[in-house]
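Heads up, the thing below is written out as structure tokens.
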Amino acid sequence: MFGTFYNGRYIILLMGAFSMYTGLIYNDCFSKSFNIFGSSWHVRRNLEITPDGSTVELDIDHEFDRHTPYPFGLDPIWQLATNKLTFTNSFKMKLSVVLGVGQMMFGVILGIFNYLHFRRFLDIFAVWIPQVLFLGCIFGYLAVMIFFKWTHIDASYHSDTSGAPSLLLMLINMFLSPAAVPLDQQFYSSQAIVQVLLVVVAVLCVPWMLLAKPIVVYFLRRFEATQVGNRKTMQQDYCFCLRILAVVFFSKNDSRFFL
């Protein structure tokens, strides 16, 4: 058993390091937060006069001191918020998507170095390029929209219905009705055009990945078989010419050396 732990010591070390990293990102250690840099929020009202059991909504214009986010991870004041779970679950989901897409894209990009090293240029055209396009058009677009929502939609955003646009509904409607984007789910003006183009490219990448390489390999093998057949025919013609020359210039007994 100890040999198993020893052989996997580097994996255990990296797992522990990344667990500490995600814990610092979420500012969560055994359900407790660290106030390392000091909260950016400061309550400037007398909470003693508020009724018992009532909630207080902080004003971003008057109670957000530095107008800058917490330097690293979540602000510890979220531990006191009534919507803590709603926000932290959404934040963890989005961050997991970003890290997962980045890891998948990194792995796909590494594949091109193998293709170049082994000079498998057909795989670059028929496998690697459609993989990058498919991953980027769907999940890469989702990761970009996560950062777009973080940077362009804040607490001051107001909609005619309820709250900000949903990324989950955006991804679902991207395939169900890419050309029809509801007004309350619109992130930017040309969203419908961009989503239609991305869906078309992603759909085209599926037969590209499945059919391009087999078709090219099939025709290459047929061409090689034809070349081999032509080479055999040329050899047979050469032997036939030698037989004719043997009959013409030599006797019948001597011509057996050419046959």
So how do LEU176, LEU99 rank on accessible area, 1.4 Å probe, biggest first, that is with the largest at the start? LEU176, LEU99
Karplus ³J(HN,Hα) for region 217-226 (6.51 cos²θ - 1.76 cosθ + 1.60, θ = phi - 60°; Hz, whole; x = Gly/Pro) runs 5, 4, 6, 5, 5, 5, 5, 5, 5, 5
Largest-first ranking of HIS152, HIS42 by accessible area, probe 1.4 Å, whole protein assembly kept, is HIS152, HIS42
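The values are calculated or read from the model by the stated rules, or taken from the named source; none is laboratory data. Nothing here was measured: the structure is a model prediction, and the numbers come from that model. SASA here: full protein model, heavy atoms, side chains in, ligands and nucleic acids out. Shrake-Rupley method; radii C 1.70, N 1.55, O 1.52, S 1.80 Å.
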